[in-house]
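Trainee: Quick one: this structure, given as structure tokens, is what I'll be asking you about.
The values are calculated or read from the model by the stated rules, or taken from the named source; none is laboratory data. As the structure is a prediction and not an experimental result, all values here were calculated from the model. Positions of Cβ are backbone-derived with ideal geometry, glycine not excepted, and every protein chain shown enters the neighbour counts.
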Amino acid sequence: MNDVRTWAARLDDAATARQPVAPLSKDGLTDVTAAYQVQNALVRHRLSRGDRLVGGKLGLTSRAKQIAMGVDKPLYGMVTSGMLRVSGTRLSSRELIHPRVEPEIAFVLGEALEGPDVTVADVLAATRYLSPALDVIDSRYEGFSFTHVDAIADNASSAVFALGDDLVAPHGDLALTGCVLEVDGQVVESAAGAAVMGHPAAAVAFLANQLAFAGKRLEAGWVVLSGGLTAPVPLRPGITVTATVSGLGSVTLGAEQ
Ligand code: OOG
Ligand code: MG
């Protein structure tokens, strides 16, 4: 318990000071349960500063992400109000440590989802809107290098995210929906929805079912980021990144010079 508090404070300080730290796995963090306890305590730091819980996010749900980060198991984190930016925002380089950005499909829930037996069909029935999302990850670990438990403790590297301007009701086959990621107008990555667990709603179901182990659920009105569809790209100073998802529109973020 002592370690949990110390580790959470270390990650919170790293984010606040924009000073990365050594992975907690090098300091004795080994099991997934303890890692989620650290994550909980870390999120409580944000809530104590006035943030509200507004949803959840999946991490490492596509092969592309797993290969890029060298971790082969999915995980989840929690999303708070202070992470949300309007599409078109330019982020300041002083805000973050070494940000990377990735395209995702976001779900906005009209109804709560409570595990353990949530299915893809349940997720789609409970979804009010879909939106393209840009997820800016900013690992609090040196060199953006971590193990599965490290990334869990660090709340899935969550930093900032943006949704598209239009929220669209679910339609069509999300597994076959195309996603294109552009940097300064050049296509750098692309994927189909199926890149995330065969179907992005499967990632949301996975999250609802995982939360059930902790006696928690996804609430109505929450947003869920289903996980990076492609490898992330560094959010370098001066660049503009746009994700477009067929039938859902676009979302853009930039970084100041
Ligand atoms: C951890 C996972 C973060 C995703 O979509 O895979 C994540 C990381 O890659 O830093 O948001
Ligand atoms: Mg992500």
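Trainee: Here are some conditions: (1) more than 16 Å from ligand 2 (Cβ to nearest atom); (2) assigned to a helix (DSSP H, G or I). V118 meets all but one. Which one does it not meet?
Mentor: (2)
Trainee: Just the residues that are more than 10 Å from ligand 1 (Cβ to nearest atom), farther than 24 Å from T242 by Cα and not polar (S, T, N, Q), please, taken from the stretch 141-164.
Mentor: Once the filter is applied, which keeps residues that are more than 10 Å from ligand 1 (Cβ to nearest atom), farther than 24 Å from T242 by Cα and not polar (S, T, N, Q), the stretch 141-164 yields E142, G143, V149, A153.
Residue by residue, here is whether (1) at pLDDT below 95; (2) under 13 Å from K57 (Cβ atoms); (3) within 16 Å of ligand 2 (Cβ to nearest atom) holds:
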| site | (1), (2), (3) |
| --- | --- |
| Q186 | no, no, no |
| A202 | no, no, yes |
| L207 | no, yes, yes |
| A220 | no, no, no |
| V223 | no, yes, yes |
| T230 | no, no, yes |
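Trainee: Further question on the same structure: Can you name every one of the helices (runs of 4 or more DSSP H) wholly within the stretch 1-103 that holds 2 or more residues which are within 19 Å of D150 (Cα to Cα) and without any contact (Cβ under 8 Å) to a residue 60 or more places away in the chain?
Mentor: Ranges flagged: 2-17, 32-48.
Trainee: Right, here's the next one. Looking at the stretch 128-140, which of the residues that are charged (D, E, K, R) and within 11 Å of ligand 1 (Cβ to nearest atom) is farthest from A15 (Cα to Cα)?
Mentor: D135
Trainee: Have a look at G82, G59 and point out the one that is in contact with a Lys or Arg (Cβ under 9 Å, 6 or more places away or on another chain), closer than 22 Å to V251 by Cβ, of a type outside the set (S, T, Y) and more than 16 Å from ligand 2 (Cβ to nearest atom).
Mentor: G82
Trainee: Would you check if there is a residue in the stretch 93-104 being at pLDDT 95 or above and small (G, A, S)?
Mentor: No; the residues of the stretch 93-104 include none that is at pLDDT 95 or above and small (G, A, S).
Trainee: Follow-up. Could you figure out which of (1) within 20 Å of A162 (Cα to Cα); (2) in contact with a Ser or Thr (Cβ under 7 Å, 6 or more places away or on another chain) isn't true of G56?
Mentor: Of everything listed in (1) within 20 Å of A162 (Cα to Cα); (2) in contact with a Ser or Thr (Cβ under 7 Å, 6 or more places away or on another chain), G56 misses just condition (2).
Trainee: List pairs: first residue in the stretch 150-161 and free of Cβ contacts under 8 Å to residues at least 24 places away in the same chain and closer than 14 Å to M83 by Cβ, second residue part of a helix (DSSP H, G or I) and near ligand 2 (Cβ under 10 Å from one of its atoms) anywhere in the structure, Cβ distance under 8 angstrom, at least six positions apart or on different chains.
Mentor: none
Trainee: Is it the case, given these coordinates, that A169 is of a type outside the set (F, W, Y) and in contact with a His (Cβ under 6 Å, 6 or more places away or on another chain)?
Mentor: It is false that A169 is of a type outside the set (F, W, Y) and in contact with a His (Cβ under 6 Å, 6 or more places away or on another chain).
Trainee: Need the failing condition index for V86 against (1) within 12 Å of ligand 1 (Cβ to nearest atom); (2) more than 27 Å from E142 (Cβ to Cβ); (3) aliphatic (A, V, I, L, M), just the number.
Mentor: (1)
Trainee: Go through the residues of the stretch 221-229 one by one and say whether even a single one is away from ligand 1 (no atom under 13 Å from the Cβ), under 14 Å from D135 (Cβ atoms) and crowded, with 19+ Cβ neighbours inside 10 Å.
Mentor: yes
Yes/no per residue for (1) under 25 Å from N40 (Cβ atoms); (2) surrounded by fewer than 24 Cβ atoms within 10 Å (Cβ to Cβ); (3) in contact with a helix residue (DSSP H, G or I) (Cβ under 6 Å, 6 or more places away or on another chain):
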{"position": "P99", "(1), (2), (3)": "yes, yes, no"}
{"position": "I105", "(1), (2), (3)": "no, no, yes"}
{"position": "L113", "(1), (2), (3)": "yes, no, yes"}
{"position": "A126", "(1), (2), (3)": "yes, yes, no"}
{"position": "S145", "(1), (2), (3)": "yes, yes, no"}
{"position": "A156", "(1), (2), (3)": "yes, no, no"}
{"position": "V160", "(1), (2), (3)": "yes, yes, yes"}
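Trainee: List every residue pair whose Cβ atoms sit under 6 Å apart, with the two residues 6 or more apart in sequence or on different chains, where the first one lies in the stretch 128-149 and is within 13 Å of S226 (Cα to Cα) and among the acidic types (D, E) and the second, anywhere, is at pLDDT 95 or above and within 11 Å of ligand 2 (Cβ to nearest atom).
Mentor: Listed pairs, sorted by first residue: D135/E102; D135/E104; D135/F161; D135/L225.
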